[in-house]
Amino acid sequence: MQDLDFALFRLVNAGMSVPAWSLGFAEFSSDLLPALLTLGIGVCALFSRRWRYALFTVLMSVLAVWLIVNMIRAVAPIPRPAFYGLGIQWVPQGVRPGFPSLHAAGTFAAAFALWCLPSRWPMLAALLVAAVVAWSRVYLGLHFPSDIVAAAMLGALVSIVVERGVSRPLSLAASGAYVARRRSKMRMLRMRRASLNTD
């Protein structure tokens, strides 16, 4: 399995002959695309309650992924390709643990969190962004393909658990409290009208 991982890494990792623009695009994808994805979701949340729900799910999922990835790296510090002297590391990361990829896990978590929206297009577009981020991490020599696969699976799992276990119950509780307040106000209004009619 490790041999396959190493072979796939060598296949994707940028060599010395790649054009400079491809490295620039990969660095942009790695560093800025995750933030731009979250910003785009935040802008949509300004105009729609469903997108606000999705944004909350995204933020909670990314936070959970960050905690889990750091726990995994502390318990099982699996090294990056540079540790084995493989390929070229185009962005300095040293030999600190790289399994799973935090960039990829966070971006996939954000993308999969959009499945709660009625349309599938936002999630599919976000998954495309996540795939580009994942590609860039291997292209720049920072992660093995196995780091990316594990990150995508972790992101998907965490986003589903967060949506079902955190976002949905909180949303139902908030809407229940809202409905109860509305009913209470309507009751008070009826009582006032009734008292005015009897006077």
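The values are calculated or read from the model by the stated rules, or taken from the named source; none is laboratory data. Bear in mind that the values here come from a model prediction, so they are computed numbers and not experimental data. With ideal geometry, Cβ positions are generated from the backbone for all residues, glycine too; neighbour counts draw on all protein chains shown. These area figures cover heavy atoms from the full protein model, side chains too; ligands, DNA and RNA do not enter into them. Shrake-Rupley method; radii C 1.70, N 1.55, O 1.52, S 1.80 Å.
Here are a few things to note about the model shown:
- Pairs where the first residue, in the stretch 44-62, is in a helix (DSSP H, G or I) and the second is of a type in the set (D, E, K, R) and surrounded by fewer than 19 Cβ atoms within 10 Å (Cβ to Cβ), C-beta under 6 Å, 6+ apart: Ala45/Arg52
- Unmet requirement for Val43, which otherwise passes all of (1) buried (at least 16 other Cβ atoms within 10 Å of the Cβ); (2) under 20 Å from Val129 (Cβ atoms); (3) among the β-branched types (Val, Ile, Thr): (1)
- Residue check for Leu102: touching a helix residue (DSSP H, G or I) at 6+ places or on another chain (Cβ under 9 Å), open to solvent by 10 Å² or more (accessible area, probe 1.4 Å), among the hydrophobic types (A, V, I, L, M, F, W, C) and touching a residue at least 12 places away in the same chain (Cβ under 8 Å): yes
Here is a yes/no grid of residues against (1) open to solvent by 60 Å² or more (accessible area, probe 1.4 Å); (2) more than 44 Å from the chain's Cα centre (by Cα); (3) among the aromatic types (Phe, Trp, Tyr); (4) at pLDDT below 85:
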residue: Leu154; (1), (2), (3), (4): no, no, no, no
residue: Leu157; (1), (2), (3), (4): yes, no, no, no
residue: Val162; (1), (2), (3), (4): no, no, no, no
residue: Leu170; (1), (2), (3), (4): yes, no, no, no
residue: Arg181; (1), (2), (3), (4): yes, no, no, yes
residue: Arg187; (1), (2), (3), (4): yes, no, no, yes
residue: Ala194; (1), (2), (3), (4): no, yes, no, yes
residue: Asp199; (1), (2), (3), (4): yes, yes, no, yes
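- Residue-level check: of (1) of a type in the set (Ser, Thr, Tyr); (2) over 30 Å from Gly15 (Cβ atoms); (3) touching a residue at least 24 places away in the same chain (Cβ under 8 Å), Tyr84 misses just (2).
- The listed residue being assigned to a helix (DSSP H, G or I), over 19 Å from Phe56 (Cβ atoms) and hydrophobic (A, V, I, L, M, F, W, C), out of Val129, Val91: Val129
- Test: residue in the stretch 111-125 that is on the phi > 0 side of the Ramachandran plot and either among the charged types (D, E, K, R) or in a loop (DSSP other than H, G, I, E, B) (or both): no
- Residue list for the stretch 2-18, filter: open to solvent by 60 Å² or more (accessible area, probe 1.4 Å) and either of a type in the set (D, E, K, R) or without any contact (Cβ under 8 Å) to a residue 24 or more places away in the chain (or both): Gln2, Asp3, Leu4, Arg10, Leu11, Ser17
- Selection over the stretch 1-57 of residues that are under 22 Å from Ala82 (Cβ atoms) and of a type in the set (Lys, Arg) gives a count of 1.
- Here Ser29 passes the criteria (1) surrounded by fewer than 18 Cβ atoms within 10 Å (Cβ to Cβ); (2) in contact with a helix residue (DSSP H, G or I) (Cβ under 7 Å, 6 or more places away or on another chain); (3) touching a residue at least 60 places away in the same chain (Cβ under 8 Å); (4) not in a loop (DSSP other than H, G, I, E, B) except the one numbered (1).
- Check on Leu55, within 12 Å of the chain's Cα centre (by Cα) and open to solvent by less than 30 Å² (accessible area, probe 1.4 Å): no
- For Ser48, the test of being surrounded by fewer than 16 Cβ atoms within 10 Å (Cβ to Cβ), among the polar types (S, T, N, Q) and modelled with pLDDT under 95 is passed.
- None of Phe112, Phe144 is farther than 15 Å from Leu37 by Cβ and of a type in the set (Phe, Trp, Tyr) except Phe144.
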